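The next block holds one structure in the form of structure tokens; read it before the comments.
Every number here is computed from the coordinates shown, using simple stated rules; none is lab data. On a predicted model such as this, the values are computed, not experimentally measured, just so you know. No Cβ is skipped: glycine too gets one built from the backbone with ideal geometry, and neighbour counts run over all protein chains shown.
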Amino acid sequence: TARVLAKLQPQRHVIVVEQWSYPPAVETFLSNHFKVVRVRLDQHGLDTDHLTEILENNLVAAVYTTPHHQYPTTVTMSMDRRLKLLELSNSFDFYIIEDDYDHEFHYDSRPIPPLISLPTADKVIHIGSLSKVFAPSLRVG
């Protein structure tokens, strides 16, 4: 995904990740010569007000997020924030990398729909990888 982004957005060299984020993803962006900027999190997920500040000061290629169960905090991004993130993506012309590693795991309630399933999700790259949770050693092989 990082290499594709470099081709899609050659003039943009910033990837925004959540304050606490999946370390191998961050390392992948860094190894592909992206500058990584961290956005704050709170009880509603990714802080879209802080993201707006970042977007106003950087040419952002993409935002990497784990909205269903934020890794590692497990906070779920609210629907209001999801819709705002999609709006920002269209306004500032960046991609959203939605790492939906455990959307299949829900117990007492119905999950919030993934970003990719929402209206105006034209710039969402959806990654679903159960192996990250179920069998991480298989990913190494």
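Points worth noting:
- Extension gain for the segment Asn90 to His50, taken as residue separation times 0.36 nm less the Cα-Cα distance, is 12.7 nm to one decimal.
- Applied to the stretch 47-52, the Karplus parametrisation 6.51 cos²θ - 1.76 cosθ + 1.60 on θ = phi - 60° returns per-residue 3J(HN,Hα) values of 7, 5, 5, 5, 4, 4 Hz, with x for Gly and Pro.
- Calculated SAXS-style log₁₀ I(q)/I(0) at q = 0.25 Å⁻¹ - the stretch 1-54, Debye, Cα scatterers: -0.99
- Two-site FRET efficiency, Leu83 against Ser31, from Cβ-Cβ distance with R₀ of 41 Å, rounded to 0.05: 0.80
- Per-residue HN-Hα couplings for the stretch 77-86 [Karplus 6.51, -1.76, 1.60; θ = phi - 60°; Hz; x = Gly/Pro]: 5, 5, 5, 4, 5, 4, 5, 5, 4, 5
- Selection from Leu115, His44, Gln9 lying farthest towards where the dipole of the stretch 1-115 points positive, charges on Cβ: Gln9
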